[in-house]
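**Q** This is the structure I have questions about; it appears just below.
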Amino acid sequence: MLGEANLSHSAAMILHAIAAGSNYGLSVMQMTGLPSGTIYPALRRLERDGLIRSQWERQSIADAEQRPLRKYYRLTRTGQATLEASQKRYPLLAKLTSASETEQP
Amino acid sequence: MITLLQQVLLRCAALLVAGSERREWLAEWRSELWYARRELGPRRAMLFCFGAIHDALWYSRNSSRCGVREIANLDSPARCVGLLTVFAAASLLVAYHIPDRPPITDQRSEPSFLLIFVVACLIIMGPQSLSLADYRANRSLPCRLTRLGRWVFLAAKIALILLTSYAPLRYLDYAAMAHPRGRPAGLVVQFVVWGLVFTFRWSLHDQGERCPVCLRRLGNPVRVGEPAGYFLEWNCTEFMCLRGHGMLYVPECHTSWFNRPRWYYMDCSTGASD
């Protein structure tokens, strides 16, 4: 399990973005401003360390909206605790992601 | 055409992912690409697609390790020294079985082993500086014993590399005397020089990629900044100690203000102070 001490700034940003409602890769990317080559491996790492959990949406929902299935990520309890600890370590985290949100068209 | 290119890129990247995970990996990337095309446009979707290569590389490095890969995993300092010790012991064992050299008949044909070391050292030092990283850019440094441990580890690696080179050197000695004008000696000289250059460079590179406190390999590389904002912000790759001792920032381009990797300890000063 990943402790609070070894969560890098970028990983904390990604965790924060997921907690803020960006629950799939592309939206995390748009919220944090990090490139896809950073986001997706980071999501794998966070999932491996038990901080987030992924789940494919139901086929019926995607079919009804005529779009491909999407994989959603959400925080686990450990992830939530780690995020709270990392917010103390990185106090500007919330501001960074909210700035990215306002920059988006 | 761009769509086809993106599909080919994803297919090629998928080859790096283990067979059992490939289908799901590809499904996720295809799905995300579909949304990226709609939300980002074709050009940025193409850039988005390149991330699949990084992701697939991550998978290939981190999927369940087997056999040889597990042995070659040198993350822990004990394992690294252990593996080098095995090589050194094997080299000594081989050297023991090489017959003694015949009596010298032609003094001019004896190669200078000292010269081999000097040439190897010059090749190592020539292209770049030997500095590992800047560890002093911190308010508080770890105790002297911890700092000493880093140098002891480096010295142990170099000593074991030198011991490993003993068998080829002994063979060189034998071959040079047995066949003064023959090819074997020349080939072994080249082998020893380049072998030493490669392993010395590896030991320095490996040292630079380790945490100065626990000496374990750093992980979780993340690109920070953009080349466009070069003069305004950091443009580097961030590595971190998986035990939380600190972070290493490796510059993408060397500048007068950031010309070598910089290490930051994660001490109590890193935390928030409202």
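The values are calculated or read from the model by the stated rules, or taken from the named source; none is laboratory data. All values derive from a computational prediction rather than experimental measurement. Counting neighbours? That spans all protein chains shown, and the Cβs are built from the backbone with ideal geometry, glycine included.
**Q** Where residues in region B:231-267 are among the polar types (S, T, N, Q) and more than 12 Å from chain A (Cβ to nearest Cβ), which of them is surrounded by the most Cβ atoms within 10 Å (Cβ to Cβ)?
**A** B:ASN235
**Q** Conditions: (1) buried (at least 21 other Cβ atoms within 10 Å of the Cβ); (2) at pLDDT 90 or above; (3) facing chain B (nearest Cβ under 7 Å). A:LYS71 meets all but one. Number of the miss?
**A** (1)
**Q** Which residue out of A:SER54, A:SER100 is at pLDDT 85 or above and of a type in the set (S, T, N, Q)? Break it down stepwise before answering.
**A** Numbers: A:SER100 fails: at pLDDT 85 or above.
After ruling out the rest, the residue left standing is A:SER54.
**Q** How many residues does region A:16-55 contain that are in a loop (DSSP other than H, G, I, E, B), surrounded by fewer than 21 Cβ atoms within 10 Å (Cβ to Cβ) and in contact (Cβ under 8 Å) with a residue 12 or more places away in the chain?
**A** 6
**Q** Okay, next question. Report yes if some residue within region B:1-11 is at pLDDT below 75 and either surrounded by 15 or more Cβ atoms within 10 Å (Cβ to Cβ) or not in a helix (DSSP H, G or I) (or both); otherwise report no.
**A** Our first condition is that a residue be at pLDDT below 75; within region B:1-11, this holds for B:1-2.
Remaining after also requiring either surrounded by 15 or more Cβ atoms within 10 Å (Cβ to Cβ) or not in a helix (DSSP H, G or I) (or both): B:1.
Within region B:1-11 (the criterion being at pLDDT below 75 and either surrounded by 15 or more Cβ atoms within 10 Å (Cβ to Cβ) or not in a helix (DSSP H, G or I) (or both)), the answer is yes, since at least one residue qualifies.
**Q** In region B:171-219, how many are assigned to a helix (DSSP H, G or I), among the charged types (D, E, K, R) and either at pLDDT 75 or above or in contact with a Phe, Trp or Tyr (Cβ under 6 Å, 6 or more places away or on another chain) (or both)?
**A** Here is the first cut: in region B:171-219, the ones assigned to a helix (DSSP H, G or I) are B:171-178, B:183-208.
Now drop any that are not among the charged types (D, E, K, R), which leaves B:173, B:183, B:201, B:206.
Now narrow it down to the ones that are either at pLDDT 75 or above or in contact with a Phe, Trp or Tyr (Cβ under 6 Å, 6 or more places away or on another chain) (or both): B:201, B:206.
Residues meeting the conditions: 2.
**Q** Out of (1) surrounded by 15 or more Cβ atoms within 10 Å (Cβ to Cβ); (2) facing chain B (nearest Cβ under 8 Å); (3) not in a loop (DSSP other than H, G, I, E, B), the odd one out for A:LYS88 is which?
**A** Status for A:LYS88: all satisfied but (1).
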